[in-house]
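So the structure is just underneath, and the comments pick up after that.
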Amino acid sequence: LLALGAVGEFMGSRPEATEVDAPVPPCPSTPNCARLRVAVGATPLTVTEAVQNVFNGLGDSGLGEPTAYVPTPGGALASFSVGPFEDDVVIEVEPAPQGSILWVRSASRSGRSDLGVNARRADRIVAAIASWLPPEAMPTD
């Protein structure tokens, strides 16, 4: 098992994933969406189990309670309310040569700006998933 890290840095600068064959939809041109691609040094099964643990309310993820949650074979779908606004989250885990790729997309259903809510949520989701992974799969920098 290797380390967990985003393309670029794990936290802080959040690189936009640009792969055309990504399992999650691209973000629109409006700034109310965040999409992350994270290399994880753990098997897809281990990462998917971590996703399920986070969204099944095990431990304190700091994400708040989703208004809807559906586990999928390779991740999860969830919705969160922020006041009158609904945000949708898609999480997918793919196999990679040295572990897995974790995709996280958080997007507002309406509006043009979210004051950074979706970017912060995507970062918190990645951190919550990382907390369920073995220590050797955690970020090293």
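The values are calculated or read from the model by the stated rules, or taken from the named source; none is laboratory data. In this text the structure is predicted, and so the values were computed from the model without any measurement. With ideal geometry, Cβ positions are generated from the backbone for all residues, glycine too; neighbour counts draw on all protein chains shown. What goes into the accessible areas is simple: the full protein's heavy atoms, side chains included, and nothing from ligands, DNA or RNA. Shrake-Rupley method; radii C 1.70, N 1.55, O 1.52, S 1.80 Å.
Residues that are farther than 15 Å from residue 124 by Cβ, more than 11 Å from the chain's Cα centre (by Cα) and surrounded by fewer than 17 Cβ atoms within 10 Å (Cβ to Cβ) within segment 70-86 comprise 70, 71, 72, 73, 79, 81, 83, 84, 85, 86, listed in sequence order.
What is the residue count in segment 100-119 for residues that are assigned to a helix (DSSP H, G or I) and over 17 Å from residue 66 (Cβ atoms)?
Within segment 100-119, residues that are assigned to a helix (DSSP H, G or I) and over 17 Å from residue 66 (Cβ atoms) number 1.
One residue alone among 47, 89 is open to solvent by less than 10 Å² (accessible area, probe 1.4 Å), in contact (Cβ under 8 Å) with a residue 60 or more places away in the chain and not small (Gly, Ala, Ser), and that residue is 47. Listed by first and then second residue, the pairs linking a residue in segment 52-77 that is under 15 Å from residue 88 (Cα atoms) and among the β-branched types (Val, Ile, Thr) to a residue that is exposed (fewer than 14 other Cβ atoms within 10 Å of the Cβ) and at pLDDT 80 or above, with Cβ atoms under 9 Å apart and 6 or more places separating them unless they lie on different chains, are 67/81. Would you confirm, using the coordinates I've provided, whether residue 122 is of a type in the set (Gly, Ala, Ser), under 14 Å from the mean Cα position of the chain (by Cα), surrounded by fewer than 20 Cβ atoms within 10 Å (Cβ to Cβ) and not in a strand (DSSP E or B)? Criteria not met by residue 122. Tell me, yes or no, whether segment 112-129 has at least one residue that is in contact (Cβ under 8 Å) with a residue 60 or more places away in the chain and touching a helix residue (DSSP H, G or I) at 6+ places or on another chain (Cβ under 6 Å). So far as segment 112-129 goes, yes, one or more of its residues are in contact (Cβ under 8 Å) with a residue 60 or more places away in the chain and touching a helix residue (DSSP H, G or I) at 6+ places or on another chain (Cβ under 6 Å). Inside segment 14-36, residues that are open to solvent by 60 Å² or more (accessible area, probe 1.4 Å) and either under 15 Å from the mean Cα position of the chain (by Cα) or at pLDDT 90 or above (or both) make up a count of 4.
Scoring residue 7 on the criteria (1) over 16 Å from residue 127 (Cβ atoms); (2) modelled with pLDDT of 85 or more leaves a single failure, condition (2).
Check segment 55-64 and report whether any residue there is crowded, with 21+ Cβ neighbours inside 10 Å and over 11 Å from the mean Cα position of the chain (by Cα). Yes - at least one qualifying residue is present in segment 55-64.
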